[in-house]
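Shown next, in structure tokens, is the structure this report addresses.
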């Protein structure tokens, strides 16, 4: 009986410890903002900031259809960190996906372009993968994407 009670108390203790760890989410907002602003200044970009903290640069606005946050699009892209290290890149013909199926920074940022448009999205962690590491992307990372909107499908 004592061993059952001890086992139950151990499980309770471990589950409470896990809850406390989950509550200790790191807020990268200030750190990401400084990193993005420094990158913009260093690279002399003419970036626009949205209310959510996303920055975008329109190099070519495009002339075709403009997607909505629920559109399916085809985009060619290169993703990299502020140090220039590339973590992902599409083929020149791009990839197709629903904007409601990707990170928030893309859902918000791609609709700033029309078909044929291109530019840069500078995405803070809270609009990317947050504090979670994903593949080659460490938690809390600022993500930069060179994007070209090939089509709105």
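List 54, 122 from most exposed to least, where exposure is judged by having the fewest other Cβ atoms within 10 Å.
Starting with the residue having the fewest Cβ neighbours, the order is 54, 122.
Calculate, in nm to one decimal, what residue 30 and residue 93 gain on full extension: separation in residues at 0.36 nm each, minus their alpha carbon distance.
In short, 19.1 nm is gained.
Given R₀ = 30 Å, what would the calculated FRET efficiency be for residue 83 paired with residue 151, taking r from the Cβ atoms and rounding to 0.05?
After rounding, the FRET efficiency stands at 0.40.
Within a 10 angstrom radius of the beta carbon, how do 55, 80, 28 rank from fewest other beta carbons to most?
Least to most surrounded, the residues fall as 80, 28, 55.
From the alpha carbon gyration tensor of the range 26-152, can you work out the equivalent ellipsoid semi-axes (sqrt of 5 times each eigenvalue) and give them in Å, largest to smallest?
22, 16, 14
How much length, in nm to one decimal, is gained on full extension between residue 43 and residue 59, taken as 0.36 nm per residue of separation minus their Cα-Cα distance?
So the chain would gain 4.4 nm between residue 43 and residue 59.
Going by how many other Cβ atoms sit within 10 Å of their own, how do 144, 103, 123 line up, fewest first?
Fewest-to-most Cβ neighbours within 10 Å comes out as 103, 144, 123.
No value in this document is a laboratory result; all are computed from the given coordinates. Keep in mind the model is a prediction, meaning the values are calculated, not measured. Every residue, glycine among them, receives a Cβ derived from its backbone with ideal geometry; neighbour counts consider all protein chains shown.
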